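Report on one structure; see the data block that follows.
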Amino acid sequence: MSELINKVPTMAEMAAGNETPEVLFWVGCAGSFDDRYKKVTVAFVKILNKAGVKFAVLGTEESCTGDPARRAGNEFTFQMLAMSNIQVLDMYGVKKIVTACPHCFNTLKNEYPELGGNYEVLHHSEYLQQLIDEGRVRIEGGETFKGRKITFHDSCYLGRANGIYEAPRHVLEALDADLIEMKRSKVKGLCCGAGGGQMFKEPEPGKKDVNIERIEEAIDTGATTIAVACPFCMVMMTDGVKNKEKEDSVKVFDLAELIAQAEGL
Amino acid sequence: MAIIQQIIFLIVLGIVGWFVFKRANLIRKTISLGRDEDRYDQPAQRFSIMLRVAFGQKKMFDRPLIGLMHFVVYAGFLLINIEVLEIVLDGVLGKHRLFAPFLGTFYNFLIGFFEFLAIGVLVTCSIFLIRRAILKVERLQPSRHREMNGWPELDGKIILLFEIVLMIAILTMNAADTVLQEMGSPHYTPTGDFAFSQFLKPIFANWSENSLIIYERFAWWFHILGIFTFAVYVTYSKHLHIALAFPNTYFSRLTPKGEMNNMPDITKEVKIMLGLTTSEDPASGTESVIPERFGAKDVPDLSWKNLMDAYSCTECGRCTSACPANFTGKKLSPRKIMMDTRDRLEDIGRNMQTNKGEFVDDGKSLMGDYISNEEILACTTCNACVQECPILINPLDIILQLRRYKIMDEAQAPGSWNTMFQNLDTNQAPWKFSPDDRFNWAEKLRNEV
């Protein structure tokens, strides 16, 4: 197998070469700055390269979508960020966006249109499912997942907020692993505790942290892998595993990382 | 004697009608205090949602057994109203079983069917009462949920008892009636035995005609007065959902749950700040107007639909029992948000009544006097409460509008949120990283090329 070259072109470079990408990969702040989620970004980029998808990123021209500001009640900051993002996206004539962050996904898809930004927006779980269905991503050449127990933690902004429950599960089924559902899943899925700006503040006084409640449920399934599809869920689930001192036996991975592992990337 | 009963009945009917009208009008008035929001689009889809969720009780069947029991009470309530219509007409016209001669044997079948429903309601309400008082279903217990203390807990039990007593009245009334028919008592139109009340006849076996008439009249009056009382009571009670569930589902949100409402006033400002339009630009319409208030401090700042939600809430607590903040011990309870909103509306309604229909400032507001900052800060915006509500109430929408007020109008954000906002304003990321480093993650990959 020839060594794959992983290209990460920017929109500016594409535009300079008079090229138009199939899709813009919206990396998001966690995907750009958070050490753990940067690995997800890289895994997704490798999958796109191997699948031969002509994509581009905004690089330093990307800003936060404004989701955490809006959820925390700061509409000014949200709209300032949103408006300047829309200016950049429209300048490049972006039509289609894929992102690995459900919060970015929700905001770009549902909240930018009213501010004048209209794009086709996909979450990477939907995009991966399409690539797998089209045969552009083939699960071969890497780790085998046969018999491995995986449980999927629904992200609120993917699930209840946008009704996407099946796409991430289809992606996991492609791995041929044992998919085990938690007691509360899909529409009843339990939040990781980080949404609505909670990621950026201490929880209010209570008797338990939400992510501990959730990780207990995930561990109860007997799964050795907890699959997530959201950078905030990733942080909360990973902290939960640490809190339960299960780092050795339970791993938290994003969907893209699992696919990349199965492809040997 | 008959004419006196007729007059009394008409007077009572008039008084009840007047009370219900007054209350309904006050409720309508307080709902219309809310901000405008267009919920009149896509009537076909709205109608179909109302049919499925309110008429068909689709979401109640998420828990099949409870759903079925609730359906029995609901169907009983709706259909027994046909009999109530006959009773009201009898009362007005001084007749007895007005429909019987027109319907013939079908009348007997119909009343039998109503009796079947009455037994269903009787049994189901008894089970519901046992669940509340003896099995102590967690989400209904004041010891666990402070918003259920006092009136709300009592309200729940009163309604169930009410329905049980009304059903007993109707069944015994029918039994006494048929015994009187057999005696050939003049006023009692022969209809024959009814499906269930025939088994109650032995109770009245040795009664004299006079005492039977007294009991039948007593049960008749008790039943209809009970229904009248209930009609007025409902407007003060959590039980108002029997009426409002229908419009409330019709006017529910059709957009994805994750979408927050835009604030157009701010869009205008931001466009000016970014130089996308100028305040003098004739195309932008009016010049920039800073709104009186950002977000919601009190009920008039919320939309009319938020306020209708509050009146529709029947305090079942499905939202609260699914709330991650609530079951990890935080102060937030979505049900309490809805109940507080209604309490505030009821207070404003009383205020308006005592001040000739005008609200006189009482120095209170929903945010602060009813709902605390700690509650709304605990929300993760996970939409579990919105998902759970059987009649499509949206507590999250209220929480987020209260947050907007706290953050933008009062500038009272937790310190770490202020840091996040500053980072977003200066670095375009919620963390303190330089925007120039945003693409560093790709360095290694790009160097490979």
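The values are calculated or read from the model by the stated rules, or taken from the named source; none is laboratory data. Predicted, not measured: the structure shown is a model, and the values here were computed from it. Cβ: placed from backbone, ideal geometry, glycine included. Neighbour counts: every protein chain shown. All accessible areas refer to the heavy atoms of the entire protein, side chains included, with ligands and DNA or RNA removed. Shrake-Rupley method; radii C 1.70, N 1.55, O 1.52, S 1.80 Å.
Restricting attention to region A:54-65, which residues are more than 7 Å from chain B (Cβ to nearest Cβ) and open to solvent by less than 10 Å² (accessible area, probe 1.4 Å)? Once the filter is applied, which keeps residues that are more than 7 Å from chain B (Cβ to nearest Cβ) and open to solvent by less than 10 Å² (accessible area, probe 1.4 Å), region A:54-65 yields A:55, A:56, A:57, A:58, A:65. The sole residue among B:419, B:380, B:426 that is farther than 25 Å from residue B:244 by Cβ, hydroxyl-bearing (Ser, Thr, Tyr), outside any helix (DSSP H, G or I) and out of contact with any His (no Cβ under 6 Å at 6 or more places or on another chain) is B:380. Scoring residue B:404 on the criteria (1) among the charged types (D, E, K, R); (2) out of contact with any Phe, Trp or Tyr (no Cβ under 9 Å at 6 or more places or on another chain); (3) within 12 Å of another protein chain (Cβ to nearest Cβ) leaves a single failure, condition (2).
Counting just the residues of region A:13-38 that are part of a loop (DSSP other than H, G, I, E, B) and under 18 Å from residue A:125 (Cα atoms), which one comes out farthest from the other protein chains (Cβ to nearest Cβ)?
Top of the filtered list is A:22.
Okay, residues lined up against (1) assigned to a helix (DSSP H, G or I); (2) closer than 16 Å to residue B:305 by Cα:
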position	(1), (2)
B:341	yes, yes
B:345	yes, yes
B:352	yes, no
B:357	no, no
B:362	no, no
B:367	yes, no
B:375	yes, no
B:399	yes, yes
B:403	yes, no
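On the basis of being surrounded by 22 or more Cβ atoms within 10 Å (Cβ to Cβ) and in contact with an Asp or Glu (Cβ under 9 Å, 6 or more places away or on another chain), does residue B:390 make the cut?
For residue B:390, the condition - surrounded by 22 or more Cβ atoms within 10 Å (Cβ to Cβ) and in contact with an Asp or Glu (Cβ under 9 Å, 6 or more places away or on another chain) - is met.
Screening residue A:68 with (1) open to solvent by 20 Å² or more (accessible area, probe 1.4 Å); (2) part of a helix (DSSP H, G or I); (3) in contact with a helix residue (DSSP H, G or I) (Cβ under 8 Å, 6 or more places away or on another chain) gives one miss only, at (1).
Considering only region B:421-432, state which residues are open to solvent by less than 80 Å² (accessible area, probe 1.4 Å) and within 7 Å of chain A (Cβ to nearest Cβ). Passing the criteria: B:421, B:424, B:428, B:429, B:430, B:431. Considering region A:256-265 alone, what residues qualify as being part of a loop (DSSP other than H, G, I, E, B) and buried (at least 19 other Cβ atoms within 10 Å of the Cβ)? The answer is A:263, A:265. Tally the residues that are touching a Gly at 6+ places or on another chain (Cβ under 8 Å) and facing chain B (nearest Cβ under 7 Å), restricting the search to region A:176-196. Count: 1. When region B:433-448 is filtered for residues that are within 7 Å of chain A (Cβ to nearest Cβ) and open to solvent by 90 Å² or more (accessible area, probe 1.4 Å), the ones remaining, listed by number, are B:436, B:448. Does region B:338-348 include one or more residues that are touching a Lys or Arg at 6+ places or on another chain (Cβ under 9 Å) and without any contact (Cβ under 8 Å) to a residue 24 or more places away in the chain? Within region B:338-348, one or more residues are touching a Lys or Arg at 6+ places or on another chain (Cβ under 9 Å) and without any contact (Cβ under 8 Å) to a residue 24 or more places away in the chain. Residues in region A:39-57 that are in contact with a Pro (Cβ under 9 Å, 6 or more places away or on another chain) and closer than 12 Å to residue A:21 by Cβ: A:53, A:54, A:55, A:56, A:57. When each of A:173, A:140, A:166, A:120 is tested for being in contact with a Leu (Cβ under 9 Å, 6 or more places away or on another chain) and more than 14 Å from chain B (Cβ to nearest Cβ), the lone residue that passes is A:173. Pull up region A:69-109, narrow it to residues that are within 20 Å of residue B:265 (Cα to Cα), touching a Gly at 6+ places or on another chain (Cβ under 6 Å) and touching a residue at least 24 places away in the same chain (Cβ under 8 Å), then point me to the one that is farthest from the other protein chains (Cβ to nearest Cβ). Restricting to residues being within 20 Å of residue B:265 (Cα to Cα), touching a Gly at 6+ places or on another chain (Cβ under 6 Å) and touching a residue at least 24 places away in the same chain (Cβ under 8 Å), the top hit is A:86.
When you go through A:41, A:10 one by one, which is the residue that is within 11 Å of another protein chain (Cβ to nearest Cβ), open to solvent by less than 50 Å² (accessible area, probe 1.4 Å) and more than 21 Å from residue A:263 (Cβ to Cβ)?
Of the residues listed, the single one that is within 11 Å of another protein chain (Cβ to nearest Cβ), open to solvent by less than 50 Å² (accessible area, probe 1.4 Å) and more than 21 Å from residue A:263 (Cβ to Cβ) is A:10.
Could you figure out which of (1) touching a Cys at 6+ places or on another chain (Cβ under 9 Å); (2) assigned to a helix (DSSP H, G or I); (3) surrounded by fewer than 24 Cβ atoms within 10 Å (Cβ to Cβ) isn't true of residue B:330? Single failed check for residue B:330: (2). Assess whether residue B:373 counts as being under 24 Å from residue A:211 (Cβ atoms), surrounded by fewer than 20 Cβ atoms within 10 Å (Cβ to Cβ), touching a residue at least 12 places away in the same chain (Cβ under 8 Å) and touching a helix residue (DSSP H, G or I) at 6+ places or on another chain (Cβ under 7 Å). Judged against the criteria, residue B:373 is a match. If you go through region B:135-157 and keep only what is touching a residue at least 12 places away in the same chain (Cβ under 8 Å) and part of a helix (DSSP H, G or I), you end up with B:138, B:139, B:140, B:146, B:147, B:148, B:152, B:153, B:155, B:156, B:157. Among residues of region B:255-279 that are within 8 Å of chain A (Cβ to nearest Cβ) and more than 19 Å from residue A:90 (Cβ to Cβ), those with a beta-carbon under 8 Å from a residue that is modelled with pLDDT under 90 and open to solvent by less than 50 Å² (accessible area, probe 1.4 Å) at least six positions away or on a different chain give the pairs B:269/B:288.
Those helices (runs of 4 or more DSSP H) of region B:1-103 in which 1 or more residues are modelled with pLDDT under 95 occupy B:2-31, B:64-93, B:100-103. Is there a residue in region A:149-157 that is assigned to a strand (DSSP E or B), in contact (Cβ under 8 Å) with a residue 40 or more places away in the chain and open to solvent by 30 Å² or more (accessible area, probe 1.4 Å)? The answer is yes, given that some residue of region A:149-157 is assigned to a strand (DSSP E or B), in contact (Cβ under 8 Å) with a residue 40 or more places away in the chain and open to solvent by 30 Å² or more (accessible area, probe 1.4 Å).
Every residue, every condition in (1) open to solvent by less than 40 Å² (accessible area, probe 1.4 Å); (2) under 23 Å from residue B:13 (Cα atoms), yes or no:
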{"position": "B:94", "(1), (2)": "yes, yes"}
{"position": "B:106", "(1), (2)": "no, no"}
{"position": "B:138", "(1), (2)": "no, no"}
{"position": "B:149", "(1), (2)": "no, no"}
{"position": "B:156", "(1), (2)": "yes, no"}
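How many residues does region A:183-230 contain that are under 30 Å from residue B:415 (Cβ atoms), β-branched (Val, Ile, Thr) and buried (at least 23 other Cβ atoms within 10 Å of the Cβ)? Going through region A:183-230 one residue at a time, the tally reaches 3.
Restricting attention to region B:274-311, which residues are among the hydrophobic types (A, V, I, L, M, F, W, C), surrounded by 13 or more Cβ atoms within 10 Å (Cβ to Cβ) and either at pLDDT below 90 or not in a loop (DSSP other than H, G, I, E, B) (or both)? Those that are among the hydrophobic types (A, V, I, L, M, F, W, C), surrounded by 13 or more Cβ atoms within 10 Å (Cβ to Cβ) and either at pLDDT below 90 or not in a loop (DSSP other than H, G, I, E, B) (or both): B:274, B:276, B:299, B:304, B:307, B:308, B:310. Being part of a helix (DSSP H, G or I) and aromatic (Phe, Trp, Tyr) is a property that residue A:253 lacks. The set of residues from region B:108-136 being over 30 Å from residue B:14 (Cα atoms) and aliphatic (A, V, I, L, M) comprises B:119, B:123, B:127, B:129, B:130, B:133, B:134, B:135.
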